[in-house]
């Protein structure tokens, strides 16, 4: 049976998130498990007069690659991939893993080599994305990242598939009609928070084993209300590269490439990580931070504001939006946020401030126990 929630989700993504237009080239990516949503997105794009095409991947294909690829193959980038990222108008990616731990045994150095090799593609992607923001949609690339519920994600979240489906569709406002209206309301509220932060200089964060100062002078804040990530519910900026000092302890495991790094603690001096530790997978943490010069600096600083997401699920797409949290991303920053940091890494780590956390902006109370005070 077709799920009306999938159709609502596709309609909101195509019409609101990606703003698909007539005669635009639209790439829809995802795994076989996401077939219902990919099919619905394809149909919706056709209704809008676009030229959609699909890229449907097989489960475990990346595991096969890392297990067998030699050094030359790890560093090779297909000219087709280069052409695609320079030509498509809209890119919609659907996460749909059937085994989120499939890469746990892969040598981190192989993953690092592949990430570094893809830098030119990421550079083009970021440039075209920033161009879209700068020209107010007249040029550049629009992209949306979303997720289709699978057994693997449900297991990570310690839910049944039925329960996880309800969680995902509710977070996307696809469980009822009028999804676009709800996202517009979120956009308005987050815009008010951004106006408050405009012109501010320093954010101070206090909490359990956390005492951090972050410079934000002159950096714009971006309103994330369902355009790029879906679901969404955050605002972010590119912090001053050399103005981060102090320590932070992350409440939740930092998840990347199928690995969970638990109890991450980082110490910053002049914007760079000078000390890093973890209770689990510490070696992986340090390998990623040492990937390149930009990997030990912060490219993104954000506040999670989605009060409809309150449960940690080991999936960054949802966890970084949890209302009452913040996250810092080590590595690559987004040019439109003022970030000048470049790296093959972009690793979001979420800190929960809902119990005992406090945030001050230019000395004034901004948030207490995860609740805004403005």
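Quick look at the values:
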read-out: Test: residue in the range 333-343 that is in contact with a helix residue (DSSP H, G or I) (Cβ under 8 Å, 6 or more places away or on another chain), touching a residue at least 60 places away in the same chain (Cβ under 8 Å) and part of a strand (DSSP E or B); value: no
read-out: Residues of the range 12-32 satisfying the condition of being under 21 Å from the mean Cα position of the chain (by Cα) and over 18 Å from residue 136 (Cα atoms); value: 12, 13, 26, 27, 28, 29, 30, 31
read-out: Those helices (runs of 4 or more DSSP H) lying entirely in the range 101-185 with at least 3 residues farther than 30 Å from residue 82 by Cβ; value: 151-156, 161-171
read-out: Whichever residue in the range 217-232 is out of contact with any helix residue (DSSP H, G or I) (no Cβ under 7 Å at 6 or more places or on another chain) and assigned to a loop (DSSP other than H, G, I, E, B) and, among such residues, is modelled with the lowest pLDDT; value: 228
read-out: Unique residue being touching a residue at least 12 places away in the same chain (Cβ under 8 Å), assigned to a helix (DSSP H, G or I) and closer than 24 Å to residue 341 by Cα when the list is 194, 235, 248; value: 194
read-out: Residue match in the range 209-216 (condition: closer than 30 Å to residue 19 by Cβ, touching a helix residue (DSSP H, G or I) at 6+ places or on another chain (Cβ under 8 Å) and either touching a residue at least 40 places away in the same chain (Cβ under 8 Å) or assigned to a strand (DSSP E or B) (or both)); value: yes
read-out: Residue selected from the range 69-88 under the condition touching a helix residue (DSSP H, G or I) at 6+ places or on another chain (Cβ under 8 Å) and outside any helix (DSSP H, G or I), by the criterion farthest from residue 128 (Cα to Cα); value: 69
read-out: Meets criteria (over 19 Å from residue 174 (Cα atoms), surrounded by fewer than 13 Cβ atoms within 10 Å (Cβ to Cβ), touching a helix residue (DSSP H, G or I) at 6+ places or on another chain (Cβ under 9 Å) and at pLDDT 95 or above) for residue 109; value: no
read-out: Single match in 95, 37, 25, 58 (criterion: within 30 Å of residue 286 (Cβ to Cβ) and touching a strand residue (DSSP E or B) at 6+ places or on another chain (Cβ under 8 Å)); value: 95
read-out: Residue within the range 302-320 that is in the same structural domain as residue 260 (by TED's automatic domain parsing), surrounded by 20 or more Cβ atoms within 10 Å (Cβ to Cβ) and more than 27 Å from residue 179 (Cα to Cα) present; value: no
read-out: Residue that is crowded, with 19+ Cβ neighbours inside 10 Å and within 30 Å of residue 135 (Cα to Cα), where the choices are 326, 353, 266, 285; value: 326
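The values are calculated or read from the model by the stated rules, or taken from the named source; none is laboratory data. All of these numbers come straight from a predicted model, not from anything done at the bench. Cβ sites come from the backbone with ideal geometry, for glycine too, and all protein chains shown count toward neighbours.
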